[in-house]
Amino acid sequence: MADEQAMSSFWRGVKTGFPFLFVAVPFAMLFGVLATEAGLTLFETMSFSFVVIAGAAQFTALSLLNENAPAIVALISAIAVNMRLVMYSAALTPYLGPLPLWKRVLLAYFLVDQTYASSQLEFEARPAMTLTQRFAFFLGVMIPICPPWFLGTWFGAWAGEAIDMDSGLDFALPIAFIAMIGPALRTPAHRVAALVSVIFALGFAWLPFNFGLIVGGLAGMAAGAEAERRMSA
Amino acid sequence: MIDKTELWFVIIVLGVCSFALRFLFLGLVGDRTLPDWALRHLRYTAVSILPALVAPLVIWPAATEGQTDPVRLLAAFAAFAVGYWGKSVIGAMLAGAVVMLGGALLGL
């Protein structure tokens, strides 16, 4: 019975993650193409995707290295882009923290924007889910996102410059994120958080190393928490 | 040409650091309960980080070298509107994609 429920959570995860397949694959291919053009071997390109497994940070590091920036600058910029992962980890801990260590290691490895956001929304919407069901759901979401990321990288690196990357493709990623934001704005506090984060992110967009993202994120979280506190007071 | 030593330095250190960032709370906090104020902030992580990530990309797209582009603005609005009022992630993605494709077909 418990297994059956876990299986249904797993499949619901696969279904939830499915649309992101169409974002992950083109982006992974683009990374493969760009890495190959920058002179990386297939092994180096694949190692990049397997070891780092974070699209935005990979693009940042690769483009800076390609522009002959010092390795340390490429590294720090890419880490700054990934600082948001700390907040994802913190946000999922109340839901998944009690899992055994090896499962938490596995979750951490596959923690990317889409697996995080889909899981958070699901766990909020279904508070009755058990720990096993939550873990199964996360793995389900991961399936159409992470393995395609690796395969797409490989295909892009293999096909190299043969692929013509359409110019509108850059916008698939923002659209995918925006699509997740709309349904997530369930309460006034959520809407306040999103609005404040946009204002701060734009106002601090001039900060180096993408720190405007962190400023916007923290401001939004503080605003959301404050709005919730006032409403419940 | 990218120096291979530098490349491997970046791949490995970036990989280790990214994992550490992802593991920080899941691994170290685990099943200890976080204080209420922390949980209250964490509830708004997704609706704060994602908009902060997307807003500059919508207003100043890299593909147009930072020039605000009406087609991208409209695509972003369509995706948001369908997601917000229609509550469907897939519907919202399709709405944004349709606007982008429409713009490309019209040569905008």
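Every read-out reported here was derived from the displayed coordinates using simple, explicitly stated rules and does not represent laboratory data. Everything numeric here is computed off the predicted structure, so don't read it as measured data. Quick reminder, even Gly has a Cβ in these numbers, built from the backbone with ideal geometry, and neighbours come from all protein chains shown.
Suppose only helical runs count, i.e. DSSP H with n ≥ 4. What mean residue ellipticity at 222 nm does that imply for chain A under -39500 (n - 2.57) per run, divided by all residues and rounded to the nearest 500 deg cm²/dmol?
-24500 deg cm²/dmol
Taking chain A as the reference, fit the longest principal axis to its C-alpha atoms, fit the long axis of helix A:172-184 to the helix C-alpha atoms, and give the angle between the two in degrees, 0 to 90, nearest 10.
Approximately 0 degrees, to the nearest 10.
Can you list the HN-Hα couplings for region B:53-69, worked out from phi with the Karplus curve (6.51, -1.76, 1.60; θ = phi - 60°), rounded to whole Hz and with x for Gly and Pro?
6, 7, 3, x, 5, 7, 6, 10, x, 5, 5, 9, 6, x, 6, 4, 10
Based solely on its DSSP helices, what 222 nm [θ] is calculated for chain B when runs of n ≥ 4 H residues each add -39,500 (n - 2.57) and the sum is averaged over all residues, nearest 500 deg cm²/dmol?
-25000 deg cm²/dmol
I need the shape label for the protein assembly as shown. Rule: rounded when a/c is under 1.5, else prolate if a/b > b/c, else oblate, with a, b, c from the alpha carbon gyration tensor.
Taking the square roots of the gyration eigenvalues as a ≥ b ≥ c, the protein assembly as shown is rounded.
Which parts of region A:78-102 would a label at residue B:28 reach, counting a residue when its backbone N lies under 20 Å from a point 7 Å out along Cα-to-Cβ?
Those under the cut-off are A:79-102.
Can you list which of the trypsin sites (Lys or Arg not before Pro) found in region B:24-65 are DSSP loop residues with at most 14 other C-beta atoms within 10 Å?
Sparse-neighbourhood loop trypsin sites (Lys or Arg not before Pro): B:32.
Around residue A:71, under 10 Å between beta carbons, what's the net of Lys plus Arg minus Asp minus Glu among the other residues?
Surrounding charge for residue A:71 is -2.
Which lysines does residue A:15 reach when only Cα atoms under 18 Å apart count, and residues fewer than 8 places away in its own chain are ignored?
B:87
Helix A:131-142: angle to the longest alpha-carbon principal axis of chain A, degrees 0 to 90, nearest 10?
30
Could you state the orientation-averaged shadow area of the convex hull built on the Cα atoms of region A:40-117, in nm² to one decimal?
One quarter of the hull surface, i.e. the mean projection, equals 5.8 nm².
Any chance you could list P(r) for region A:52-174, counting all Cα-Cα pairs in 5 angstrom bins from zero, rounded to whole %?
Result returned by the calculation: 2, 9, 16, 19, 18, 15, 10, 7, 4, 1, 0.
Would you please calculate the Kirkwood hydrodynamic radius of chain B over all C-alpha pairs and express it in Å, rounded to one decimal?
Result for chain B stands at 17.7 Å.
Positive end of the dipole of the protein assembly as shown, charges at C-beta (+1 Lys, Arg; -1 Asp, Glu), about the Cα centre: which of A:100, A:75, B:92 has its Cα farthest in that direction?
With unit charges placed on the Cβ atoms, the residue in question is A:100.
Would you kindly derive the ³J(HN,Hα) couplings of region A:68-75 from the backbone phi angles with the Karplus curve 6.51 cos²θ - 1.76 cosθ + 1.60 (θ = phi - 60°), listing them in order in whole Hz, with x for Gly and Pro?
6, 5, x, 4, 5, 5, 4, 5
Need one value for A:43-53: mean number of C-beta atoms belonging to other chains within 10 Å of its residues' C-beta atoms.
4
About its Cα centre, how strong a charge dipole does region A:112-233 have in debye, to the nearest 20, once Lys and Arg get +1 and Asp and Glu get -1 at the Cβ?
Using only the charged Cβ atoms, the result is roughly 640 debye.
Whole-Hz Karplus ³J(HN,Hα) for region A:118-130, in order, using 6.51 cos²θ - 1.76 cosθ + 1.60 and θ = phi - 60°, x for Gly and Pro?
For region A:118-130, the Karplus curve yields 4, 5, 4, 5, 5, 5, 5, 6, 10, x, 7, 4, 7 Hz.
Set the Förster radius R0 to 22 Å, insert the Cβ-Cβ distance between residue B:20 and residue A:50 as r into 1/(1 + (r/R0)^6), and round the FRET efficiency to 0.05.
Once rounded, the FRET efficiency stands at 0.85.
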